[in-house]
Amino acid sequence: MATDLEFAAGEFSAWLAAIRGAIRSGDAMDVPCGNCTACCTSSQFVHVAPDESEALARIPADLLFPAPGLPDGHVVLGYDDRGHCPMLVDARCSIYDHRPRTCRTYDCRVLVAAGFADDEDVPVEISRRATRWRFEEGDSSAGLERAAVEAAATFLAERPEALPPAAGRPSLTRLAALAIEVADLFVDDRPDAPEVRSALDARLTS
Ligand code: SF4
């Protein structure tokens, strides 16, 4: 059970199925954030895809910039000189019901699952929050799944040739999401980089 300094992250296998579905579908992830706004105040660029018309209609055009390495129409929403998203007003998202897909599917528990939560490359406020999550493991398969996600994340961090092409070095959040996508390959096996790359290519385009 989580203590006062910890947050209950839920049962691992149920959470893993939910986050995998959210990453694939773009549907909102139900994250018990409470009053935490760390991900909106940590100097992060928010990707907005061309099909996100509801979000694009509500974000002033002068806050959007072409997304490096992505086709025309993909943009990023930047942050102000405090590192805050400009759509955060009075500590609340002013476009919450129409926020970008990146925000709807963001869940800092992916960093915990991947073993990255206390990595120095994670923005400090996000790390502070993420390291307080505590998963429950309902049965032994949850432990195996969790070990597989961590193994996949470590592999992807060490073997960039297994990653799909991208502009620049992917964030740890992105690596964690990719690890969740291919964790099943690591349950009883240690695949090589071409196998992982091939699985990612197939799954990210399906
Ligand atoms: S658009 Fe809303 S949810 Fe997304 S980073 Fe900005 S304030 Fe946060």
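Structure above, values below:
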read-out: Heavy-atom accessible surface of segment 113-195: percent carbon and sulfur, 1.4 Å; value: 47 percent
read-out: Pairwise centroid distance, computed over Cα atoms, of segment 93-162 with segment 40-75, Å; value: 22 Å
read-out: Segment 32-107 - percent relative contact order, Cα under 8 Å, separation 6 or more; value: 38 percent
read-out: The chain - Rg over Rh from alpha carbon coordinates, Kirkwood radius; value: 0.96
read-out: Long-range amide H partners of Phe135 with built H, under 5 Å; value: Ala9
read-out: Sites Glu6 and Ala147 - FRET efficiency at Förster radius 22 Å, r taken between beta-carbons, to 0.05; value: 0.55
read-out: Cα centre as origin, Lys/Arg/Asp/Glu Cβ charges: segment 1-58 dipole, Debye; value: 160 debye
read-out: Solvent-accessible area of Val110 with every protein chain in place, 1.4 Å probe, in Å² to the nearest 10; value: 10 Å²
read-out: Backbone HN-Hα couplings from phi across segment 97-112 [Karplus 6.51/-1.76/1.60, Hz, Gly and Pro as x]; value: 5, 10, 5, x, 4, 3, 6, 5, 9, 6, 8, 5, 5, 4, 5, 5
read-out: Computed label-point distance, nm, for sites Asp51 and Leu70 using a 7 Å Cα→Cβ extension; value: 1.3 nm
read-out: Size of electric dipole in the chain: Cβ of Lys, Arg +1 and of Asp, Glu -1, about Cα centre, debye, nearest 20; value: 380 debye
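The values are calculated or read from the model by the stated rules, or taken from the named source; none is laboratory data. The shown structure was predicted, so the numbers you read here are calculated from the model rather than taken from an experiment. Methodologically, a virtual Cβ is constructed for each residue, glycine included, from the backbone with ideal geometry; neighbour enumeration extends over all protein chains shown. Please note that ligands, DNA and RNA were not included when accessible areas were found on the heavy atoms of the full protein model with its side chains. Shrake-Rupley method; radii C 1.70, N 1.55, O 1.52, S 1.80 Å.
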